[in-house]
Every structure is written in C-alpha cells, then in structure tokens.
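Right, one structure below, let's go through it.
The values are calculated or read from the model by the stated rules, or taken from the named source; none is laboratory data. Only a predicted model underlies this, so the values are computations on that prediction, with no experimental measurement involved. Every residue, glycine as well, gets a Cβ built from its backbone with ideal geometry; the counts of neighbours run over all protein chains shown. Protein only, heavy atoms only, side chains kept; ligands, DNA and RNA dropped before computing areas. Shrake-Rupley method; radii C 1.70, N 1.55, O 1.52, S 1.80 Å.
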Amino acid sequence: MLKIPSHIAVLTSGGDAPGMNAAIRAVVRSAVYYGKKITGIYNGYEGLINGNFQELNSRSVKYILNQGGTFLKSARSDRFRTPEGRKQAYDNLAKTGIDALIVIGGDGSFTGAKIFSEEYDFQVIGVPGTIDNDLYGTDFTIGYDTATNTAIECIDKIRDTASSHDRLFLVEVMGRDSGFIALRSAIAAGALDVIMPENDTTYDHLVETINRAGKNKKFSNIIVVAEGNKLGNIFEISNFLKGKFPHLDIKVTILGHLQRGGSPTVYDRVLASKLGVAAVEGLLIGRNKVMAGVMHQQIIYTPFEEAITRKAYINPELIRINKILTI
Ligand SMILES: Nc1ncnc2c1ncn2[C@@H]1O[C@H](COP(=O)(O)OP(=O)(O)OP(=O)(O)O)[C@@H](O)[C@H]1O
Ligand SMILES: O=P(O)(O)OC[C@H]1O[C@](O)(CO)[C@@H](O)[C@@H]1O
Ligand SMILES: [Mg+2]
C-alpha cells in the first residue's frame, strides 16, 4: 500500500553548488503547496546525525533564489559512512516524525542516501546538485551551468593577458573524476586543447598540437586541464612542456573553488526549481531511492544505483568539434 509522507525533510550534502538554494526553495514551497510539513536539516548528513533540524515555511526561503552556496550549509560527513552514524540519523528523523527525505547533492550523497534508505526502509529522493555533472539520469546537474560560466569568464580574462604576451596558459578546472566542466569551458573559451579523464591525451599528442599551433601562427594559447585527468598533475605537465618548448612562456592557473561560488545562472535557477518540485511530487506518488532529473526536457526518476554507477555521457561530438575549431 502506498504510504504518502506527511512530514518531509531536506538537506544539502557534498560540495555546495550554485542553485542549491533555488532547489531548497522549490522543495519547501512545493511541500507547503501540497499541505506537508517541511523541515530543513543543517550541515548535510552531519546535521542529520546531530539533530540540527529547523521547521521551515514558505517565507523561510524568501530572497534565496539568486544566492550562491546553500543556506542550509553542506558537509562531508565521515560519521554517516558508519552504521552507528546512520542509526543516530534515523533515530532523529523518527523522533521528529519525519517520514521522507530529499537529499540535494552528488554521487557520494546518493550513495549514502541509498544505503540509508535500504537499511531503514526510509523514503528518499535525490536532487542532483553538484558542479561536476557526473550523474547519469540528468542532462545537467544543478550548478554545472553556473560553474562553467564562471570558468569561461576567468579563461576569457586569462586570454587577454595570454595574447598580450604571446604566452601558453594551462588552466586547471574542477570536476573530480569527470571532464564535463573542462570540455564545455574549453569549447566556450576557444581553448587549443583539453586534457580530461575521458580522453587519453598523451605527451606526444600535446607536442603535436603545440607544434601545429605554432605553424598556424597561434602565438597565445590556452589548454584546459581537468583536475582528474590521467596524464598528470598540471605542474608536471607544465614542466614537461617547458622542457620541450624552452622558447615558450608557459604559465599555470588553477581556478579552484571560484567555480563553486556565485549567483546561479537562469538555467540553474530554472533547473533547480523544476527538480525541487519534481522531488516533492515524486515522494507524493511513492517514488523512492531515485534521483529526479531532466533528460531531453522531460522530468525522469532514475534509481540511485543507476544514477551513481552508470557513466554520465561525455558527447564525443563535442571533442570532435573542439578539434576542428582550434585549428
Ligand atoms: N558509501 C557511503 N556510505 C555512506 N555515506 C556516504 C557514502 N559515500 C558518500 N557518503 C556521504 O555523502 C557525503 C557527500 O559525498 P561526496 O563528498 O562524495 O560529495 P557528493 O555528494 O558526490 O558531491 P560533490 O561531488 O559535488 O562534492 C559524504 O561526505 C558522506 O557523508
Ligand atoms: O571543496 P572540497 O572539499 O575541497 O572538494 C573539491 C571537490 O569538490 C568539487 O568541487 C565538487 O565535487 C569537485 O569538483 C572538487 O574535486
Ligand atoms: Mg561527487
């Protein structure tokens, strides 16, 4: 028999992502719209274990739609990885009368959510909130569009100084084990090449590419390097290239946590709004252990297992396009 939740809780977990606030707002307001009690949990799974709960209403989430970060705060919780931590989390939920949970986060957060949901037969839905875009079951995760916009804004600025001095810049972007941020920002910023986990860039290939650029009279260049690439650390790559091309002035820039901040783009605000509503509506029709996502403009619910383990798809067409355009 379908058990409809009456009291929903929401938390944000893992690295913060622009648009998480918009997602919280959408969850809170749709819960209120459907006549449900809604509680915010502070500090992700740490707050779940510590009982850091606050009942929310539609006014609690005013003026946050355009704010970066997450007002509920986020955390990486080692205690939630332990059965004792999850037991404490369950006891706190049960004590408060909460019967469903919405987790806004990335693959790690959904791994924890799946384990918890199975252990305690507790209804959980995920909302993809991570700049990395590394989840199967949604074309974009919340925060990815803003992060790539921030990355290209920075790379455009680097381009100004690179071209003034005829320099080669290696620019490192985030993305953990995936190259979504790297590839999208490389195309949008017209980078000479992109080194990311999904392509097996070799040093020979890099040398060839830089030689070709020289022949084509490209005197300033940018190579985007995904932090999770398999070739090596950005400084190792830079040292290798300095050895091979002593006449080139090579610089390294690491964009780092800049990419996590800032006001969310229109795309992320709308995506977060859609997915927050979809998460609440999913709970009300009995969905469980799934992530709400948007694929080809449609809301879909993907089992956590699949969202986490199936490889999010890097479109090889984008790699091909980048190669053509950087001739
Ligand atoms: N195997 C697991 N068992 C229980 N909890 C887990 C597990 N894996 C991850 N978690 C919980 O999820 C939290 C967030 O995971 P993680 O740090 O990987 O971030 P994420 O959700 O993938 O987001 P992002 O990648 O954007 O930072 C972890 O700190 C931990 O509390
Ligand atoms: O903020 P932290 O804990 O250093 O984590 C950084 C990681 O988090 C992310 O920003 C989001 O998963 C990754 O791109 C990056 O590898
Ligand atoms: Mg992750």
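If one takes the longest principal axis of the Cα atoms in the chain, at what angle in degrees, from 0 to 90 and to the nearest 10, does the Cα axis of helix 83-96 lie?
50 degrees
On the full set of protein chains, 1.4 Å probe, figure out the accessible area of residue 102 and give it in Å² to the nearest 10.
Answer for residue 102: close to 0 Å² accessible.
May I ask you to give the solvent-accessible area per residue for the chain, in square angstrom, as obtained with a 1.4 angstrom probe? Please report the intermediate quantities before stating the final value.
Values: 14540 Å² over 327 residues.
I get 44 Å² per residue for the chain.
From largest accessible area down, sort 7, 165, 257, 247; use a 1.4 Å probe on the protein chains. Could the numbers behind the result be given before it?
Values: 7 10, 165 105, 257 125, 247 145 Å².
Output order, biggest surface exposure first: 247, 257, 165, 7.
Note down the accessible area of residue 107, probe 1.4 Å, to the nearest 10 Å².
Residue 107 exposes around 60 Å² with every protein chain in place.
Which pairs break 24 Å Cα to Cα here: 157/251; 95/274; 244/323; 114/230; 87/114; 3/311? Don't skip to the end; give the middle numbers.
Working: 157/251 14 Å; 95/274 31 Å; 244/323 22 Å; 114/230 29 Å; 87/114 14 Å; 3/311 32 Å.
Check vs 24 Å cut-off fails for 95/274; 114/230; 3/311.
Can you work out the FRET efficiency for the pair residue 309 and residue 2, with r the C-beta to C-beta distance and R0 = 35 Å, to the nearest 0.05? The partial results should precede the final answer.
On the way: r = 28 Å, r/R0 = 0.79.
Plugging the Cβ-Cβ distance into 1/(1 + (r/R0)^6) gives 0.80.
Round to a whole number: what % of the accessible area of the stretch 1-93 belongs to carbon and sulfur, probe 1.4 Å?
Using a 1.4 Å probe with all protein chains present, the stretch 1-93 comes out at 48 percent carbon and sulfur.
If a/c stays under 1.5 just call it rounded; otherwise compare a/b with b/c (prolate if a/b is bigger, oblate if not). Do that for the stretch 112-209, with a ≥ b ≥ c from the square roots of the Cα gyration tensor eigenvalues. Could you put the intermediate results ahead of the total?
Values: a/c = 3.95, a/b = 2.21, b/c = 1.79.
Judged from the Cα gyration tensor, the stretch 112-209 comes out prolate (a/c at least 1.5, a/b above b/c).
Under the rule a/c < 1.5 gives rounded, and otherwise a/b versus b/c splits prolate from oblate, where does the stretch 183-327 land using the Cα gyration tensor? Could you put the intermediate results ahead of the total?
Working: a/c = 2.63, a/b = 2.50, b/c = 1.05.
Note, shape of the stretch 183-327 comes out prolate.
Can you give the extra length, in nm with one decimal, that the chain gains between residue 215 and residue 165 once fully stretched, where that is 0.36 nm per residue apart less the Cα-Cα distance? Display every interim value, and only then the final one.
Numbers: separation 50, 0.36 × 50 = 18.00 nm, distance 1.81 nm.
Separation in residues times 0.36 nm, less the Cα-Cα distance, equals 16.2 nm.
Rank 32, 224 by accessible area, highest first, at a 1.4 Å probe radius? It would help to have the intermediate numbers written out before the result.
Working: 32 60, 224 0 Å².
Highest to lowest solvent-accessible surface, that is 32, 224.
If contacts are Cα pairs under 8 angstrom and at least 6 residues apart, what is the relative contact order of the chain in percent? Before the final figure, lay out each step's value.
Values: 739 pairs, mean separation 78.3, N = 327.
Reported relative contact order: 24 percent.
Return the calculated 222 nm mean residue ellipticity for the chain, to the nearest 500 deg cm²/dmol, obtained by summing -39500 (n - 2.57) across DSSP H runs with n ≥ 4 and dividing by the residue count.
On the way: 11 runs with 140 residues, N = 327.
It comes out at -13500 deg cm²/dmol, rounded to the nearest 500.
So if I average 1/r over every pair of distinct C-alpha atoms in the stretch 144-261 and take the inverse, what Kirkwood radius in Å does that give?
Numbers: mean 1/r = 0.0714 Å⁻¹.
Value: 14.0 Å, from the Cα pair sum.
I'd like the GluC sites (Glu not before Pro) in the stretch 41-122 restricted to DSSP loop residues with at most 11 other Cβ atoms within 10 Å, sorted by number. Could the numbers behind the result be given before it?
Numbers: sites: 46, 55, 84, 118, 119; in loops: none.
Loop-located and lightly packed - none at all.
Checking the a/c ratio against 1.5 first, then a/b against b/c, what shape does the Cα gyration tensor give for the chain?
Details: a/c = 2.49, a/b = 2.33, b/c = 1.07.
Here the chain falls in the prolate category.
Enumerate the calculated ³J(HN,Hα) couplings along the stretch 113-128 in order (Karplus 6.51 cos²θ - 1.76 cosθ + 1.60, θ = phi - 60°), each rounded to whole Hz, writing x wherever the residue is Gly or Pro.
In residue order, the calculated couplings are 4, 5, 4, 4, 4, 6, 4, 10, 6, 10, 6, 9, 10, x, 10, x Hz.
As a test of reading the structure, rank 45, 33 by solvent-accessible area (1.4 Å probe, protein chains only), most first. Walk me through the numbers on the way to the answer.
Numbers: 45 15, 33 175 Å².
Largest to smallest exposure gives the sequence 33, 45.
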